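Below is one structure, written out as structure tokens, with a few remarks after it.
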Amino acid sequence: MDRVLYPCKIRKEDGVYYVEFVDFPECFTDGESPEEVLTNARDVLEGIIFSYIKNGKPLPSPSFFEKGSADVTYIDAWVGMVRDRVNNQAVRKTLTIPKWLNDIAEKNAVNFSAVLQTGLKEYLNIS
């Protein structure tokens, strides 16, 4: 599942930790502790990767820094899992069915979304 490591720079200022990603200038976050800022960094990295994939933008290749570079940490992301989330993103559909059918389905606690998905997959021969 294509794991990538993107470098970020961490700095502490006035008791707050800040993270900026080298390869994504629009991607940054903060936290009150090293643990919190690293958790937030992973979340924001996955969010920007999601946005890039959803909008068809190519992901930049991760920059490389010499081992021991000051204030540089690598954050991992599983691009394949993010891509799966993009591809499985739900969309809202408005449809019309006869009232009598709706009444029976509601009495039987039918999950309309699940039935529509199943029906479409069968109709389109998708497993």
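Below, the figures for the structure above:
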{"quantity": "Residues satisfying the stated conditions in region 1-25, i.e. outside any strand (DSSP E or B), surrounded by 13 or more Cβ atoms within 10 Å (Cβ to Cβ) and at pLDDT 95 or above", "calculated": "Asp23, Phe24"}
{"quantity": "Candidate set from region 117-127 (those that are closer than 30 Å to Tyr52 by Cβ and under 26 Å from the mean Cα position of the chain (by Cα)); member that is surrounded by the most Cβ atoms within 10 Å (Cβ to Cβ)", "calculated": "Gln117"}
{"quantity": "Boolean, Phe28 is over 28 Å from Gln89 (Cα atoms), free of Cβ contacts under 8 Å to residues at least 60 places away in the same chain and either over 16 Å from the mean Cα position of the chain (by Cα) or surrounded by fewer than 17 Cβ atoms within 10 Å (Cβ to Cβ) (or both)", "calculated": "no"}
{"quantity": "Filter result for the condition that a residue is modelled with pLDDT of 95 or more, in the same structural domain as Gln117 (by the TED database) and surrounded by 10 or more Cβ atoms within 10 Å (Cβ to Cβ), over Glu106, Glu36", "calculated": "Glu106"}
{"quantity": "Residue tally, condition part of a loop (DSSP other than H, G, I, E, B) and of a type in the set (Asp, Glu), over region 62-88", "calculated": "2"}
{"quantity": "Yes/no for Lys57 being assigned by the TED database to the domain that holds Glu20, exposed (fewer than 13 other Cβ atoms within 10 Å of the Cβ) and more than 14 Å from the chain's Cα centre (by Cα)", "calculated": "yes"}
{"quantity": "Of all residues in region 70-94 being in contact (Cβ under 8 Å) with a residue 60 or more places away in the chain and not aliphatic (A, V, I, L, M), the one that is surrounded by the most Cβ atoms within 10 Å (Cβ to Cβ)", "calculated": "Thr73"}
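The values are calculated or read from the model by the stated rules, or taken from the named source; none is laboratory data. From a predicted model like this one, the values you see are computed outputs, not experimental measurements. Cβ: placed from backbone, ideal geometry, glycine included. Neighbour counts: every protein chain shown.
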